[in-house]
Amino acid sequence: MPAPYIRNQKKRKRPNPLKPERSIRNTALGLLARREHTRLELAGKLKAREFLTAEIEALLDDLQREGLQSDARFTESYVYSRTRRGFGPLRIRQELQARGVAESLVSTHMDFNDPQWRKLACQEYEKKFGDTMAGSVKERARRMRYLQNRGFTSDIIRQTLASFSRTETASGAGS
């Protein structure tokens, strides 16, 4: 019986002698051409391609000076994208911080008191659960956890659940 396959070493790509090595600048520009990256993300991807740290830092400074890499532009794009996908302010802020965006940039591009967050929470709630009220305490807790995992604040969650329980009571009273 053959021994089970065990992967001992990280698989490495063999350099293709016919393919010329890309410069660090061309590699970075190729990454930025696909999508915006934060400085931290871009540095990580360049390190993974085994470029020297000193070269990376110098290149990132040049790219920022030339306006080719911008954490502010990334933040604006990311907030717009994640909001369109139904995520709340807490989750978006946490994801941006994990990508190395400064808190000052996050607060510039996101207003946590904006009424759009409550409207978005109501849309996500209705998309997931319809316009029905939670029947039991357990079901209400499940729905609250859903909105919490999407990144909405407890105030927004309470207001959302309250608005759906009012609409249910109003429509049920007329029957």
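A simple spin-label model places pseudo-atoms 7 Å from Cα toward Cβ; at residue 139 and residue 45 they are separated by 4.6 nm. Taken about its Cα centre, the stretch 23-175 carries a charge dipole of roughly 740 debye when the Cβ of each Lys and Arg holds +1 and the Cβ of each Asp and Glu holds -1. Here the calculated FRET efficiency for residue 83 and residue 22, from their Cβ-Cβ distance with R0 = 30 Å, stands at 0.30, rounded to the nearest 0.05. Placing +1 on each Lys and Arg Cβ and -1 on each Asp and Glu Cβ, with no other charges, gives the stretch 59-124 a dipole about its Cα centre of roughly 400 debye.
Where a number appears in this text, it was derived from the coordinates with a stated rule and is not lab data. Since the structure is predicted, the reported quantities are computational estimates derived from the model, not experimental observations. Every residue, glycine among them, receives a Cβ derived from its backbone with ideal geometry; neighbour counts consider all protein chains shown.
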